[in-house]
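Notes follow once the structure below has been shown.
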Amino acid sequence: MTDLTGRRALVTGAAQGLGEGMAATLADAGARVVVADINDDRGAKVAESLGDGHGFVHLDVTDDASWESAVADAIAQLGGLDILINNAGVEITSLIADLDAAHAKTMLDINVLGTALGIKHAFRAMRPNGASGDGGVVINIASVAATIAFPGISIYSATKSAVDRLTRVAAMESAKLGYGVRVNCVYPGLVPTEMGAGLASSLAEAGLFGSPDEAVGAVIEMTPSGRLGTVEDMADAVVFLASDQAKFINGVGLPVDGGLGM
Ligand SMILES: NC(=O)c1ccc[n+]([C@@H]2O[C@H](COP(=O)([O-])OP(=O)(O)OC[C@H]3O[C@@H](n4cnc5c(N)ncnc54)[C@H](O)[C@@H]3O)[C@@H](O)[C@H]2O)c1
């Protein structure tokens, strides 16, 4: 089993879904974890469920000042920061012909700006002379949507392609400037979290499939492994990338999608 004993991690959007699973699996591997989310009630409950040594911080990933105080708070709680999982994200389904500019801006703000600000504050904390200056690991949660063309999720796919590119430029800057921070991303396939289930429903509502079950069936049909992803599949990949077993893996996107994006 991968051992993250002594590592200190912050997971965004960890009040539910994939982030909650990633926080729990990082903790199981020995890391101390701060759960960060805009949803204080659920986030605090997840942190409590992890047990002693873990914590919660309020974070709105779209807000630079919120990041500044959340990272400082996490470092105060954990005594440092080695791992940032940029997981918070939103998906609002729409055909391009029905595009709502406000919805598009929400996705750009949370998925792209939120991830970029996370990288910014992780770099500032983890680079030499930062508040936790021993380097570290950043893992961004992109999506299989960055690697395929699926109808109904144009802006979401664009934001996840942006996360993919951000990852590579960030890894390059970190290396060139001697920050000692590896930066990678993962492309999860469809997982039936609140977001995943909501996507299946809204694809049907947009008239692209006869029902949510038909939408899910179409995704499974396109997936060589013949099933949806699980929270555990995504959390295991993140723990691997965060560990020293992945110490020479830098600036890549790892598909965790049963082959859907191949
Ligand atoms: N579920 C899937 O099928 C799937 C597939 C590919 C990629 N992803 C990506 O994985 C990540 C997690 O997805 P999920 O399915 O767990 O979603 P989810 O909707 O279940 O959970 C998202 C979490 O992010 C939090 N959040 C939203 N806006 C925030 C903000 N401004 N600041 C801080 N936290 C905020 C929410 O409160 C929530 O706890 C997202 O980036 C998503 O795009 C999900």
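The values are calculated or read from the model by the stated rules, or taken from the named source; none is laboratory data. Since we're looking at a predicted model, the values are computed, not measured. We place every Cβ from the backbone using ideal geometry, glycine too, and count neighbours over all the protein chains shown. Keep in mind that these areas ignore ligands, DNA and RNA; they rest on the heavy atoms of the full protein, side chains included. Shrake-Rupley method; radii C 1.70, N 1.55, O 1.52, S 1.80 Å.
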Legend entry - For ASP37, solvent-accessible area (1.4 Å; no DNA, RNA or ligand), Å²: 20
Legend entry - Calculated FRET efficiency for the pair ALA218/ARG165, C-beta based, R₀ 35 Å, to 0.05: 0.80
Legend entry - Net lengthening on full extension, LYS176/ALA72 (0.36 nm per residue, minus Cα-Cα): 34.9 nm
Legend entry - Solvent-accessible surface ranking, highest first, for GLU205, GLU173 at 1.4 angstrom: GLU205, GLU173
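Run the helix sum for the chain: -39,500 (n - 2.57) per DSSP H stretch of 4+ residues, divided by residue count, reported at 222 nm to the nearest 500 deg cm²/dmol. Could you put the intermediate results ahead of the total?
Working: 9 runs with 116 residues, N = 262.
Mean residue ellipticity, 222 nm, calculated: -14000 deg cm²/dmol.
With charges only on Cβ, +1 for K and R and -1 for D and E, what is the dipole size of segment 1-111 about its Cα centre, in debye, rounded to 20? Walk me through the numbers before you get to the answer.
Working: 6 positive and 18 negative charges, 67 e Å.
Dipole of segment 1-111, to the nearest 20 debye: 320 debye.
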Legend entry - C-alpha long axis of helix 231-242 to longest principal axis of the chain, angle in °: 40
Inset, instruction - Just name one of GLY229, LEU10, VAL57: the one whose Cα is farthest towards the positive end of the charge dipole of the chain (beta-carbon charges, Lys/Arg +1, Asp/Glu -1). - result: LEU10
Inset, instruction - Please work out the FRET efficiency for the pair ARG227 and SER49, using the Cβ-Cβ distance as r and a Förster radius of 25 Å; give the result to the nearest 0.05. - result: 0.40
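For the chain, just say rounded, prolate or oblate: build the C-alpha gyration tensor, square-root its eigenvalues into a ≥ b ≥ c, call rounded for a/c under 1.5, and beyond that prolate if a/b exceeds b/c, oblate if not. Don't skip to the answer; put the middle values down first.
On the way: a/c = 1.63, a/b = 1.60, b/c = 1.02.
Prolate, because a/c is 1.5 or more and a/b exceeds b/c.
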Inset, instruction - Taking the chain as the reference, fit the longest principal axis to its C-alpha atoms, fit the long axis of helix 154-176 to the helix C-alpha atoms, and give the angle between the two in degrees, 0 to 90, nearest 10. - result: 30
Inset, instruction - Under 14 Å from the Cβ of THR230, count the other residues' Cβ atoms, weight Lys and Arg +1, Asp and Glu -1, and hand me the total. - result: -4
Legend entry - the chain - percent relative contact order, Cα under 8 Å, separation 6 or more: 19
Inset, instruction - Report, in degrees rounded to the nearest 10, the 0 to 90 angle that the Cα long axis of helix 194-205 makes with the longest principal axis of the chain. - result: 20
Inset, instruction - Would you please state which residues of segment 186-221 a label at VAL90 would reach in this model, taking the label point 7 Å out along Cα→Cβ and a backbone N cut-off of under 14 Å? - result: 195
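For ILE249 and ILE148, compute 0.36 nm times the residue count separating them, minus their Cα-Cα distance, and round to one decimal in nm.
Working: separation 101, 0.36 × 101 = 36.36 nm, distance 2.31 nm.
34.0 nm is the gain from fully extending ILE249 to ILE148.
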